[in-house]
1. Kindly write out, for the range 46-55 in residue order, the coupling ³J(HN,Hα) from the Karplus curve 6.51 cos²θ - 1.76 cosθ + 1.60 (θ = phi - 60°), rounded to whole Hz, with x marking Gly and Pro.
2. Non-local amide H neighbours of residue 139 (under 5 Å, H modeled in plane, Pro and chain starts lacking H): which ones?
3. Taking θ as phi - 60°, what are the ³J(HN,Hα) couplings along the range 31-39 by the Karplus curve (6.51, -1.76, 1.60), each to the nearest whole Hz, with x for Gly and Pro?
4. For the chain, what is the calculated [θ] at 222 nm in deg cm²/dmol (nearest 500), taking -39500 (n - 2.57) for each run of four or more DSSP H residues and dividing by its residue count?
5. To the nearest 20 Debye, how big is the dipole of the chain about its Cα centre, given +1 on the beta carbon of each Lys and Arg and -1 on that of each Asp and Glu?
6. Starting with the highest mean, order 192-198, 171-177 by the number of other Cβ atoms within 10 Å, averaged over the residues of each peptide.
7. Evaluated at 25 °C with a viscosity of 0.890 mPa s, what Stokes-Einstein diffusion coefficient in µm²/s does the chain have when Rh comes from the Kirkwood expression over alpha-carbon pairs?
8. Roughly speaking, to the nearest percent, how much of the range 71-216's 1.4 Å accessible area is carbon and sulfur?
Amino acid sequence: MWSFLNTIRCKEKQVPVRKQIIDTGMILFLGIVLGIFSKFLDTTASNDLPFMFEYLDVGNFLGRLAIWILLAVSISIYSSSSVRAAINVFLFFGGMCVSYHVYTVVFAGFNPRSYMMIWYGITILSPMLAFVCWYAKGKGNISFVFSAIILAVLFNLTFAYGWIYFDVRSILELITFICGVVVLKRNTLKESIIMLVSGIVIAFILRMIVPFIFVI
């Protein structure tokens, strides 16, 4: 696999070790804060939240996968190397899961073991996926395919569709998808449009193979 990925033209950035440590620390902190914030929204009555939080259903949005995939992909491709991407994303999910779990036990008074095992499983797999995702911003056909596959996953998490219907799951998921297109954009508008169309085609194929959406 290593020799395969080495064929992708994706240049590592030379970043001082001190800055790498600071960046990784900030990513870990972001994960911890988002884990606490997500659980806080879960345990707060919707009518006690600001109107926009209730209207946009932010709590349930954070309980679904789309936003976490976008954040993980963004952390991956903006990391200085594929190895740093794996470390950063692992610590992000680790911080998010542990803070969410601890907050639940301490402040909500229960231990959601089975639910957390799903997220801990995602955390364990995240370094490998982040390592591969880092190459999505490289040049060449393989990077293009990686980007299109990521968009396909986001597309299926954003839109509900079938033979006679097409709908957006929520405005926040739509914004997430648009952000994903921006983050993964190619060097030219033409390439970006082809990537988007390819991602939609792959999304339809994935929907036929896996006719359900895993939203946690």
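1. These are the phi-based 3J(HN,Hα) values: 4, 6, 8, 8, x, 3, 5, 5, 5, 5 Hz.
2. For residue 139, whose amide H was placed from the backbone, the distant partners under 5 Å are 9, 10.
3. Once rounded to whole Hz, the list reads x, 4, 5, 5, x, 5, 4, 4, 6.
4. Helices in the chain give a 222 nm mean residue ellipticity of -22500 deg cm²/dmol.
5. Details: 16 positive and 9 negative charges, 186 e Å.
I would put it at about 900 debye.
6. Numbers: 192-198: 16.3, 171-177: 18.4.
Ranked by mean Cβ neighbours within 10 Å, highest first: 171-177, 192-198.
7. Using the Kirkwood radius from Cα pairs, D works out to 133 µm²/s.
8. On the way: 5750 of 7500 Å².
Carbon and sulfur atoms account for 77 percent of the accessible area of the range 71-216.
The values are calculated or read from the model by the stated rules, or taken from the named source; none is laboratory data. Fair warning: this is a prediction, and the values are worked out from it, not measured in the lab. Reconstructed Cβ throughout: ideal geometry from the backbone, glycine too, with neighbour counts over all protein chains shown. We work out accessible area using only protein heavy atoms, side chains counted, and drop any ligands, DNA or RNA first. Shrake-Rupley method; radii C 1.70, N 1.55, O 1.52, S 1.80 Å.
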